[in-house]
Amino acid sequence: MPQVPTNIYDPVVVAHPSLWHQVGDSLSDSMHRSFVKLASFLPGVLSLLIAVLIMTGVGALLSVALRRILVKINFDERLNRNNNASLSDFSPAHSPTLLVTRVVFWGCVLLGFVIGISALDASFSNSSQVSIFLLPYVAHSIGALFLLAAGTILARFLSRSVLIGGVNAKLQYARFLSLGVKWLVLTLTGAMILDHLGIGGTIIELAFGILFGGIVLTLALAVGLGSRDIVSRSLERSADRLPTIDPNSPAPRPTPTPASNLRHF
Amino acid sequence: MANTEAATLPTPSLATPSSGGLLVALSSTSAESLSATLATLAEAFSGQSVLVISPDDLPQDEALGSNLTFLPPSDTAVTAGSWLLTPPELLGAFRQMALHGATAGLVLGPEAHSLAPAVLRSLADSVLSGGADLGVPDYQLGPREGLFNSALLYPLSRSLYNAQPRYPLALDLALSRRAADRLSAAVHKTSTVANGIFWPVAEAAIAGLRVEQVEAGTRTLPPPSVSDLNTLLAQIGGSLFADIEAKAAFWQRSRPNQPALTDTRVATETDEPADVQALIEDFRVANTNLREIWSLVLPPQSLFGLKKLSLLDAPDFRMPAALWARMVYDFVLAFRLRTLNRGHLLGALTPLYLAWVASHLLVLDSGIPPEQHVEETAAAFESEKPYFVSRWRWPDRFNP
C-alpha cells in the first residue's frame, strides 16, 4: 500500500514485493494446485485397485466353480466327440475346460480394470484438464496395447503359415511371400493403433493408404514378373490340352512326376 | 472266387449267438470286397465256427461257408471312408467279443480280402493257441511303400516301447479276450478325441501284453482318406507325438533290450533308380527358407548337419541315421513344449521327412536291402534315446 505523504513534496514510497517473493508465491500456488489434483486423483486410483482386486477374486471363484461343473458334465469329452479338434488344440493341455475357466478368470480381471477406470474417470470434475487430456489416452492406450499384441501375434502366425505352406507347396519365393504378409499385417496394425489413439488424424489414413497400396502393388509386380515364366508355361500346357487341329501333330505326353511312385502310407 | 465256391459251400447260418471261439470284425467296405473277404474267411477257418460282424449288410445270397455265423450289425458308429482301424470299430468288436463270450477276436481293416487264408489262420492262431495277447501282421510291402512307417512309426515304436512289430499301425489285428478287456479303456479314451488314432502296439506294451508278429505276405493297402501329404503327415504325426507325450511315464523307464528281428522277407527288386533330384531340390529350398523356424526346434549341431546335407550332390546325398533320429526327437519335444504352433511344427517336419525319403531311395539304389537301412534307422533311434530322455526331462539345459 502506498504511504500517503504528509507533505506534498515528500516522495511517494511504494512497497513492491521482491522478485523472489513472487517466485515463491507462484511455486507455492502451483504446489498447492498439484497437491489438490493429486488428492482428487488418489481416491480414483484406490478405487481402481479395489475394483481390480475384487473382480480378480470374483473371477477366481467363478473359474473354480465353473471348472467343477464342467468336469462333472464331462465337457472335454463332449466337445471332442463333436469334432472340435481345433478348440482342443488351442486349449492349454488339450483341455477346453481349462481354456473356458481361464477365459472367465481373465474376463473378470479385465472387467475390474474397466470398472476401475470408470471410477477413476468419475473422480475428476468435468472441467479438469487432467480428465480431458489424460483419461482418453489411458483408456485408448490399453486398447492400443491389445491391438499391438493381437497384431503382432497374428502377423507372426500368418507369416509362418504362409512360409511353411509355401515351402511345402515347393514355391521358390515362399520367404518373400511370408515377409510380405507379415509387413502387411504389421502396417495395418500400426495404422489401427495410431487411429485408435487419435494421433495424426487424416495424415495416418492417407499415409496408410499409400503405404498399403504400395506394398500390394510391389508384391503383385514382383510375383507377376517373377512368375512370368511359370504362368506362360502353364498357359502353354493348357493350350496343349486343347484338341489339336492338325491330326498329324503328336499328342502331348504327360509330364512324369518324380515322386509319383512313392507310397508314404 | 465267391462264385466258384457257391456250388461247394452250403449257406451260412444266420444270427445264432454262441459262446467261445473266434469273432471276426470287418471294416466297412465295398460289396465285392466283402464277399471276397467272407470267402477267404470261410476257407481259412473251415471246420471251425466263426462269428462274423460287419457294419455293412452281409450278403445273404452269396454261397459261403457254413462255419460262418453272421451277427446283426452293431450300433457302432462307422467312419465313412476310413482307411485305418478306428476306435469305434475296435470298441464294437470288443463289445461283441464280451457279449458272445468269444475267446479271441480278429479285427480286419479295409481290403482285407487281399490277405491269404493262411495268414488269417496264423493271425488267429497266434492268440488262440500261440499264447500271445496281440497278433500283429508283418506285411511285405515294396521298397517304396510304407515310407512313413519305416521313417518314423517303426523306429519310434521300437525305441520307446521296445515293441518289435514292423507295422505299429497295422490294418489287421488279432486280440485275445484279455487284450480286449485291457485295451478297451484306452480305445474308449481315444474314441472321445476327434479323428483319434489308436496305437495298439504302444498300448499293449504299456498294458504288459504279449505281442507276436505274424508273417502276412503282401496286402493291398487302402488309399488314405486324404490325398494331401502334408495333411496326412500332420494327422498321423500329430497323433503319434500326442501319444508319446501321454505315455512319457512309461517310455522314460524302459530300455531297449530286445534283439533286432532277423529279416526273413524276400528282397524286392526295384524296377529303375528313383528320381530323387526333385526331392533334394525341395529340401534345399526348405533349408534356405525354414532355417529360422527349424532353429526354434533344433539345436545348432542338427542345423549344421542339415546345412552340410544341403551342400551334398545328389549321388552323395545321405542323411545320417543319428541326425534323423535326433531331429525327430527334437520335434517330439517341441510338440510337447508347444515351442511353436503344432500345425506349423508338423508342417516344418515334412521337408525333413522328404529328405530322409530321398536319402533312403538313394541307399536302396546303391544295392543295400531296404530292410537293412530301416533297421539301421531304428537302431539309431534306440542309441539316441538317452538324448531324448535327457532333453525331455531337462529341456532348458544347454544343448549345443
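What's the exposure ranking of B:TRP83, B:TRP394, going from fewest to most Cβ atoms within 10 Å?
B:TRP394, B:TRP83
I need to check one value: relative contact order of the range B:264-378, counting alpha carbon pairs closer than 8 Å and at least 6 residues apart, in percent.
About 37 percent, as a whole number.
So what J values fall out for the range B:129-136 if you push phi through Karplus, 6.51 cos²θ - 1.76 cosθ + 1.60 with θ = phi - 60°, rounded to Hz, Gly and Pro as x?
Karplus values, whole Hz, x for Gly and Pro: 10, x, x, 7, 9, 9, x, 10.
Would you list B:LYS308, A:LYS37 from fewest to most Cβ contacts within 10 Å?
Listed from fewest to most nearby Cβ atoms, that is B:LYS308, A:LYS37.
Please list, in order along the range B:93-109, the HN-Hα scalar couplings obtained from phi with the Karplus expression 6.51 cos²θ - 1.76 cosθ + 1.60 (θ = phi - 60°), rounded to whole Hz, x for Gly and Pro.
5, 4, 5, 5, 4, 5, 5, 9, x, 6, 7, 8, x, 10, 9, 10, x
Go ahead and run the numbers for FRET between B:ALA31 and A:ASN74, Cβ-Cβ distance against an R0 of 35 Å, rounding to 0.05.
Rounded to the nearest 0.05, the efficiency is 0.35.
If amide H atoms are built 1.01 Å from N in the plane of the peptide, which residues on other chains or at least 5 residues away come under 5 Å of the amide H of B:GLU215?
Residues meeting the criterion, in which the H sits 1.01 Å from N, are B:ASP138.
For a test of the definition: using alpha carbon positions, the gyration tensor, and the 1.5 limit on a/c, classify the range B:263-390 as rounded, prolate or oblate.
Since a/c reaches 1.5 but b/c is at least a/b, the shape of the range B:263-390 is classed as oblate.
Working out 0.36 nm times the residue gap between A:HIS196 and A:ALA220, then minus their Cα-Cα distance, what length gain in nm do you get to one decimal?
In short, 5.7 nm is gained.
Does the range B:331-400 come out rounded, prolate or oblate, given a ≥ b ≥ c as the square roots of the eigenvalues of its C-alpha gyration tensor, rounded meaning a/c under 1.5 and, failing that, prolate meaning a/b above b/c?
It is oblate, given that a/c is not under 1.5 and a/b is not larger than b/c.
Please compute, for peptide A:157-167, the average count of beta-carbon atoms on other protein chains lying within 10 Å of each residue's beta-carbon.
What the average comes to for A:157-167 is 6.
Taking amide H atoms as placed 1.01 Å from N in the peptide plane, list the residues 5 or more away in sequence, or in a different chain, whose amide H sits under 5 Å from that of B:ASP172.
Here B:GLY109 satisfy the definition.
Once both labels are modelled 7 Å past Cα along the beta-carbon direction, what's the A:LEU110-A:VAL36 spacing in nm?
It is 4.0 nm.
Expected output is a single nm value to one decimal: the length gained when fully extending between B:THR220 and B:ARG253, i.e. 0.36 nm times separation in residues minus the C-alpha distance. What is it?
Contour length minus Cα-Cα distance gives 8.2 nm.
Between the range B:136-151 and the range B:355-376, how many Å separate their Cα centres?
Centre-to-centre (Cα) distance: 13 Å.
Just counting partner chain Cβ atoms within 10 Å, what average do the residues of peptide B:221-231 show around their Cβ?
Shielding by partners across B:221-231 averages 2.
How about B:LYS189: which lysines have a C-alpha closer than 20 Å to its C-alpha, ignoring those fewer than 8 places off in the same chain?
Straight-line reach from B:LYS189, under 20 Å: A:LYS72, B:LYS247.
At a 10 Å Cβ-Cβ cut-off, how would you order B:MET327, A:MET192, A:MET55, A:MET31, fewest neighbours first?
Ordered from fewest to most neighbouring Cβ atoms within 10 Å, B:MET327, A:MET192, A:MET55, A:MET31 come out as A:MET31, A:MET192, A:MET55, B:MET327.
Mind checking the full-extension length gain between A:ILE50 and A:SER232? Use 0.36 nm per residue of separation minus the Cα-Cα distance, one decimal, nm.
58.7 nm
Which value, in debye to the nearest 20, gives the size of the charge dipole of the range B:13-225 about its Cα centre, when Lys and Arg are +1 and Asp and Glu are -1 at the Cβ?
720 debye
Considering amide H positions built from the backbone, and no H for Pro or chain starts, which residues 5 or more places from B:THR69, or on another chain, come under 5 Å of its amide H?
Hits under the 5 Å cutoff: B:VAL50, B:LEU51, B:VAL52.
Which lysines, if any, have their Cα less than 21 Å from the Cα of A:LYS182, not counting same-chain residues under 8 positions apart?
Those lysines meeting the cut-off are A:LYS170.
What FRET efficiency do you get for A:SER161 and B:SER46 if R0 is 60 Å and r is their Cβ-Cβ distance, rounded to the nearest 0.05?
0.60
With label points built 7 Å along Cα→Cβ from the Cα atoms of B:ARG178 and A:ARG102, find their separation and express it in nm.
About 4.3 nm, to one decimal.
Compute the Cα gyration tensor for the range A:132-215, then decide on rounded, prolate or oblate, letting a ≥ b ≥ c be the square roots of its eigenvalues: rounded whenever a/c is under 1.5, prolate when a/b is larger than b/c in the other cases, and oblate in all that remain.
oblate
Just to check I understand the Karplus step: with θ = phi - 60° and J = 6.51 cos²θ - 1.76 cosθ + 1.60, what whole-Hz values come out for the range B:27-37, glycine and proline as x?
7, 5, 8, 6, 5, 5, 5, 5, 4, 5, 5
Would you mind giving the mean number of other chain beta-carbons within 10 Å of the Cβ of each residue in B:335-348, as a whole number?
Shielding by partners across B:335-348 averages 3.
Values in this text are rule-based calculations from the coordinates and carry no lab data. As the structure is a computational prediction, the values presented were derived from the model and not from experiment. All Cβ positions, glycine included, derive from the backbone under ideal geometry; neighbour counts span all protein chains shown.
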